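What follows is a set of notes on a single structure, which appears directly below.
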Amino acid sequence: EFNIVRPKGYTISYHANPEMEKHHFGQTHPMKPWRLTLTKSLVSAYGMPFAMDNYNTRAATYEELNSFHASDYLDYLGTAPAEDMPRDIDNPDKEVRFNLGGSDCPLFHGLYDYCSMSGGCSLDAARKICNEQSKIAIAWGGGLHHAKRSEASGFCYINDIVIAILQLLRCYPRVLYIDIDVHHGDGVEEAFFSTDRVMTVSFHKYQPEVFFPGTGGLEDNGPKSEHNPGAHHAINVPLNDGITDEQYESLFQNIIGKVNEHFKPSVIALQCGADSLAGDRLGRFNLQVQGHGACVAFCKKLDLPMIIFGGGGYTPRNVARAWAYETSIAIGCQDKIDPTIPQHAPWREHFVHDTLFPTLEQILGEPRANRNTQKRLQEIVQHVHEQLRFVSH
Ligand code: VJV
Ligand code: CA
Ligand code: ZN
């Protein structure tokens, strides 16, 4: 692993708070902060920390969280007592405030600390991008894209991405937000609905009434109310079950390539939710580590400063594979790392297959049926191109 060296001419930084990983949403809750430990251990086993600036980040302050979130929400988040049983199962009649305390967003021990650590991790990454101490800043502890100004949603309480983008907007004219989590990035989209300085692009499974959060249709491109500069600056790529690497990569490169030409971002914020991988406990796609990583590689090629956030990802061994591989892409050492997981990697047995790149058959047995026709994908590309005609900087 000593062949992993710092890339020449640019700095990669890795931002993490090891205390964050010790928190638990509850016994069988799908969100497992421990996946961050598994990721870090794989990154370390490959020797990648030698090639990066590594920061142990502090928690975000109340004032920093307050840059997006409402005070009454933050006050409640900081004082609501932890519950051992999710309220909607145990006690359906008890009052629910700010959507806190249901089974998706339980009130667990240390919740406020966990949230402020996630926010701190992403904000630290944004600051290093702002003062040009880093070209690519990695914040796997962030990416919690559903949280609203005054509401928790879908395992997300604090929208660290919005807070980080607000910081980027102090130093850069235009931010491109890209979201490859299998869920729609609704919280980030909504936060920037009325500005043309942020363009949001989310790729996600879309099946309202059935799949969370139910928003993000192809035609939803930002409120077209009078004189809204944010109109046409929300791009949604609604997909069906079973999309493959080949289809996803071609769609991603086509759309992001065109968005880059029209919007001309000064910086990229990329949410890399790993629940879009095949075999995810909540996801429905057939993406492999290679296809997911190809999105990161394509963004890197645009040669702009970039923050890379985590997000969803509910089969921890595959989350760790993808995020370790994507860390290697940021460094530029992806061709130097051995696809066989290092003998000395902690929890090596936990990976089941000893490779960074398991096949679809290894992950799933039988691959999930692909419900995405080429015709529909063509329509999506066509619609996005039409939206982009309204966008030129
Ligand atoms: O679909 C929903 C909402 C319900 C109400 C709550 N029940 C539990 C599920 C249906 C309508 N919520 C989604 C939220 C997904 C959040 C994704 C977050 C991210 O990846 O985009 C970013 C970090 C949902 N899907 C599956 C579950 N909730 C789920 C929640 C559980 C669970 C099993 C599944 C909560 C507790 C336990 N099991 C024990
Ligand atoms: Ca998404
Ligand atoms: Zn997700």
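Where a number appears in this text, it was derived from the coordinates with a stated rule and is not lab data. Predicted model only: the values in this text are computed from it and were never measured. Reconstructed Cβ throughout: ideal geometry from the backbone, glycine too, with neighbour counts over all protein chains shown.
Ranking R389, R281 by Cβ neighbours within 10 Å, fewest first, what do you get?
By the 10 Å Cβ count, ascending: R389, R281.
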Review point. Residue separation times 0.36 nm, minus the C-alpha to C-alpha distance between E132 and F390: what's the value?
Key: 89.8 nm
Review point. What value, in deg cm²/dmol to 500, does the helix sum -39500 (n - 2.57) over DSSP H runs of n ≥ 4 give at 222 nm once divided by the residues of the chain?
Key: -10000 deg cm²/dmol
Check your understanding: Which of these, G313, G293, G47, has the largest mean-square fluctuation under a Gaussian network model of the chain (Cα springs below 10 Å)?
Key -> G47
Exercise for review: Using 0.36 nm per residue of separation minus the Cα-Cα distance, give me the extension gain between S67 and Y10 in nm, one decimal.
Suggested key: 17.5 nm
Practice item. Check the straight Cα-Cα distances from K258 and name the lysines below 25 Å, setting aside those fewer than 8 residues away within the same chain. Key: K135, K205, K224, K300, K301, K375
Study note, to complete from the structure: Taking only the alpha-carbon atoms of the stretch 1-152, the convex hull volume per residue, in cubic angstrom, is 105
Check your understanding: What Rg and what Dmax come out for the stretch 203-288 when only alpha-carbon atoms are used, in angstroms?
Key -> 14.4, 44
**Study point:** the stretch 8-51: trypsin sites (Lys or Arg not before Pro) falling in loop per DSSP and having at most 12 other Cβ within 10 Å
**Key:** K8
**Study point:** Which of I256, I138 has the fewest Cβ neighbours within 10 Å, and the rest in rising order
**Key:** I256, I138
**Study point:** Isotropically averaged projected area of the stretch 306-375, using the convex hull of Cα atoms (one quarter of hull area), nm²
**Key:** 7.0
Revision key, fill the gap. Cα-based Rg/(2.2 N^0.38 Å) for the chain, rounded to two decimals, is 0.93
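D303 to N54: extension gain in nm, 0.36 nm per residue of separation minus the Cα-Cα distance?
Once the chain is fully extended between D303 and N54, it gains 87.5 nm.
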Check your understanding: What is the Cα radius of gyration of the stretch 134-257 over 2.2 N^0.38 Å, N being its residue count?
Key -> 1.05
Practice item. Using Cα pairs closer than 8 Å and at least 6 residues apart in sequence, work out the relative contact order for the stretch 260-350, in percent. Key: 30
Check your understanding: What FRET efficiency comes out for the pair Q382/K264, r = Cβ-Cβ distance, R0 = 25 Å, nearest 0.05?
Key -> 0.70
**Study point:** Lone cysteines, the chain (no partner Cβ under 4.7 Å)
**Key:** C105, C115, C121, C156, C272, C295, C299, C333
Practice item. Excluding S153 itself, calculate the net charge of residues whose Cβ lies under 12 Å from the Cβ of S153, where each Lys or Arg counts +1 and each Asp or Glu counts -1. Key: -2
Study note, to complete from the structure: Most fluctuating of P213, P106, P339 in the GNM of the chain (C-alpha, under 10 Å) is P339
**Study point:** D335 versus K224: modelled label distance in nm, points set 7 Å from Cα along the beta carbon direction
**Key:** 4.7
Practice item. Identify which of L302, L168, L277 has the largest mean-square fluctuation in a Gaussian network model of the chain, with springs joining Cα atoms closer than 10 Å. Key: L302
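Using the Cα centre of the stretch 91-153 as the reference point, and only Cβ charges (+1 on K/R, -1 on D/E), how large is the resulting charge dipole? Debye, rounded to the nearest 20.
About 240 debye.
Within a Cβ distance under 10 Å of C272, other residues only, what is the Lys/Arg minus Asp/Glu net charge? Could you put the intermediate results ahead of the total?
Working: positive: none; negative: D179, D181, E326.
Charge balance near C272 sits at -3.
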Practice item. Rank the residues S150, S392, S202 as a footprinting-exposure proxy: fewest other Cβ atoms within 10 Å of their Cβ go first. Key: S392, S150, S202
Exercise for review: For the stretch 1-139, calculate the relative contact order in percent as a whole number, restricting contacts to Cα pairs under 8 Å that are 6 or more residues apart.
Suggested key: 38
